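The values are calculated or read from the model by the stated rules, or taken from the named source; none is laboratory data. Only a predicted model underlies this, so the values are computations on that prediction, with no experimental measurement involved. FYI the Cβ positions are ideal-geometry reconstructions off the backbone, even for glycines, and counts take in every protein chain you see. Accessible surface areas use protein heavy atoms only, side chains included; no ligands, DNA or RNA. Shrake-Rupley method; radii C 1.70, N 1.55, O 1.52, S 1.80 Å.
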Amino acid sequence: MNIYLAALLKVVGVLAFVLGNAFILIWAERKISGYMQRRYGPLRVGGPAGLLQSAADILKLMAKEDFVPGGADLWLWWLAPAVALVPAVLVYLVLPIGRSFVLQNLSIGLVFFASVTSFTLIGIFMAGWGSNNKYSLLGAMRAGAQLFSYEIPLILSTIGVVMLTGSLTLQRIVAAQANVWFVVPQIVGFLVFYVASLAELNRTPFDLAEAESELIAGYFTEYSGIRWAMFAVAEYSNLFTTSALAVTLFLGGWRPLPLLAFIPGWVWFVLKTYVLVFVGIWIRWTLPRVRIDQLMDLGWKFLFPVSVANVLVTALVLAVR
Amino acid sequence: MNGPMVAFACLAGLTLYSAWRVATAPQVTHAALFLAATFAGVAGLFFLLQADFLAAVQLLLYAGAVMTVVIFAIMLSEMREVESDARGWRSLLLSPRLGIVPLVGGVGLAAILLSAYHRAAPSWPLSPLPAAPDSTRFIAHALFHAYALPFEVASVLLLAAMIGAIILTRTEGGAKG
């Protein structure tokens, strides 16, 4: 097949999945929060199982006025949602969905994932700066400090897995978990990774960048309609891909549970990912938001040393063995 | 024109245009964001050369980490639009956008580079070298074996710069809180 046609098909497929994923996750978040907090609205509204509510939301967002704040830095303001969405879509390139099902088996898959997601920050800063609004700018700066601080433990916590595998290719990392999932030898790495990834996703208890009680909505205060939807879609897509990376690195990727190997690998991959996504939603509706100094303390004084110690201990064990 | 040529043209155009805008943007925030675009363009060129590890690190460290630090530096400093205080002949000579000195300098530099390229190009091997199958391993081997000492010296230099920055910005008697 023509490589350009293949590339186009991949992009269209990923975009379709990203939109469907946002649709499902918005519905799931409403329902789960409804059950956890006894919210009447999400439990009763919206036709069969509340599914129509998501559809109504999409129609509303597309029909809404695309409001431009006065004095906005137009170029930055227009481009920001796209800059935030592109990395969210790009990371699907390296996710190992099945035994031989990966869009592009890059030899540097893990580094690619980290480097592409680090670009999200630029989109957030463009939104905060371009909106010409102090809440937006404060939210963007908080997001910057937070993403920057938690990226270091996030990346360090994956080093242990890379040392055990000897490869940065995500398919090889999954292949190396044939005997035992890496969550067993790398339990510390997994816990650090999961906490840091929740912070990277700007979700409660780490949603200081959009803390409603302080900053209205943070960096996308001024956005409405379809541009706001692009930010929301990117956030839900990031929730999925970060959980998928955790599954790939620590929970055996597409590897099935024993005795259930007749179910195909991609089903396992998606299933495990959505279990982790559920844990993320669960944490969001259970824990209150932390303060900014607690956030920085947790990142720099706890997660960072722990992840460095994890790398050292892994290296020691590998050297002794 | 084939696919890689088109990609090269787009990336080179992006890199050059945003590098030019870094120097000419009146707002320092815009300059910083154009710098990020320049880094991204260079990363794309690395990808095109099949140096995938370098490209990813370029994005991770320059477009990600360095840009964050630059943005924080801007936010912590006093911001105002840079208004050229040069008027008249000085502006005509020195303004980065339409001044004579930057124009002559830029064109001269490009001419030197192009002529050097034309002189050297015939002696370059025409058959491209095969790209390293695992460039990560190759780079790691080079960094930690052949060039281990320069690598360590560079890290000591960076440490010294960091300590220097802390000493320079520390207020008398230590910062509060």
Any hit, region A:301-320, residues being more than 19 Å from the chain's Cα centre (by Cα), open to solvent by 80 Å² or more (accessible area, probe 1.4 Å) and closer than 27 Å to A:Leu215 by Cβ: yes
Helices (runs of 4 or more DSSP H) (entirely within region B:16-120) containing at least 1 residues that are crowded, with 16+ Cβ neighbours inside 10 Å and at pLDDT 80 or above: B:28-48, B:52-57, B:67-76
Some residue of region A:90-98 being within 14 Å of chain B (Cβ to nearest Cβ), at pLDDT 85 or above, open to solvent by 70 Å² or more (accessible area, probe 1.4 Å) and over 20 Å from the mean Cα position of the chain (by Cα): no
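In the set A:Asn132, A:Asn105, which member is outside any helix (DSSP H, G or I), open to solvent by 30 Å² or more (accessible area, probe 1.4 Å), closer than 30 Å to A:Ile292 by Cα and within 14 Å of chain B (Cβ to nearest Cβ)? Talk me through it step by step, then tell me what you get.
On the way: A:Asn105 fails: closer than 30 Å to A:Ile292 by Cα.
Only one candidate passes the filter, namely A:Asn132.
Checking the condition facing another protein chain (nearest Cβ under 10 Å) and closer than 17 Å to A:Met230 by Cβ, which residue from A:Leu79, A:Leu147 passes?
Details: A:Leu147 fails: closer than 17 Å to A:Met230 by Cβ.
From the options A:Leu79, A:Leu147, the qualifying one is A:Leu79.
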Long-range neighbours under 7 Å by Cβ, at least six apart or interchain, first residue surrounded by 13 or more Cβ atoms within 10 Å (Cβ to Cβ) within region A:258-284, second aromatic (Phe, Trp, Tyr): A:Gly265/A:Trp254; A:Trp266/A:Phe101; A:Trp266/A:Trp254; A:Trp268/A:Trp254; A:Phe269/A:Trp254; A:Thr273/A:Phe240; A:Val277/A:Phe240
Pairs, first more than 7 Å from chain B (Cβ to nearest Cβ) in region A:109-124, second of a type in the set (Ser, Thr, Tyr) and surrounded by fewer than 24 Cβ atoms within 10 Å (Cβ to Cβ), C-beta under 7 Å, six or more apart: A:Gly109/A:Thr169
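Just to confirm my filter: which helices (runs of 4 or more DSSP H) fall fully inside region A:164-239 and include at least 2 residues that are surrounded by 18 or more Cβ atoms within 10 Å (Cβ to Cβ) and in contact with a helix residue (DSSP H, G or I) (Cβ under 7 Å, 6 or more places away or on another chain)?
On the way: elements: A:170-175, A:187-200, A:212-215.
Here the list reads A:170-175, A:187-200.
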